[in-house]
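Student: Please see the structure below; I have some questions.
Where a number appears in this text, it was derived from the coordinates with a stated rule and is not lab data. Fair warning: this is a prediction, and the values are worked out from it, not measured in the lab. We place every Cβ from the backbone using ideal geometry, glycine too, and count neighbours over all the protein chains shown.
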């Protein structure tokens, strides 16, 4: 049994992409499987109003993003996007490559609130 970790990452070409990776659930009991304990560096809650949209940006510090209410769309440089709804998550790790200067035509992702409900998110630093 495993948990699927959706990862937003910076590929070798400097562009953000999504991939999935399994997190083994090797602890706990058969009725409630757990992963190994993971370290965290604190958390933040955010409310984004209807109509919110960011510019292209990179993640400053890798973090888990959990959608608590509303919906969040993440757009990539290649024109693709992915929408996350309440109860869904992703691991945001699309940091600026070492030594690079941010270029909004190459690096990062944008995010926006989707629908008629404000976006509520929980950010947990890795």
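Student: Considering the range 2-125, what Rg and Dmax in Å follow from its alpha-carbon atoms?
Tutor: When restricted to Cα atoms, the range 2-125 yields Rg and Dmax of 15.4, 48 Å.
Student: Suppose a student asked you for the relative contact order of the chain, using Cα pairs under 8 Å spaced at least 6 residues apart; what percent would you report? List each step's numbers first, then the result.
Tutor: Details: 306 pairs, mean separation 45.1, N = 126.
Relative contact order comes out at 36 percent.
Student: Which of 17, 53 has the fewest other C-beta atoms within 10 Å, and how do the rest follow up to the most?
Tutor: Ordered by Cβ neighbours within 10 Å, fewest first: 53, 17.
Student: Next up: Counting other C-beta atoms within 10 Å, which of 35, 48 has the fewest, and how do the rest follow?
Tutor: Going from least to most buried by this count: 35, 48.
Student: Hey, another quick one. Can you tell me the equivalent ellipsoid semi-axes for the range 48-91? Use √(5λ) from the Cα gyration tensor, largest first, whole Å.
Tutor: Here the semi-axes work out to 17, 14, 12 Å.
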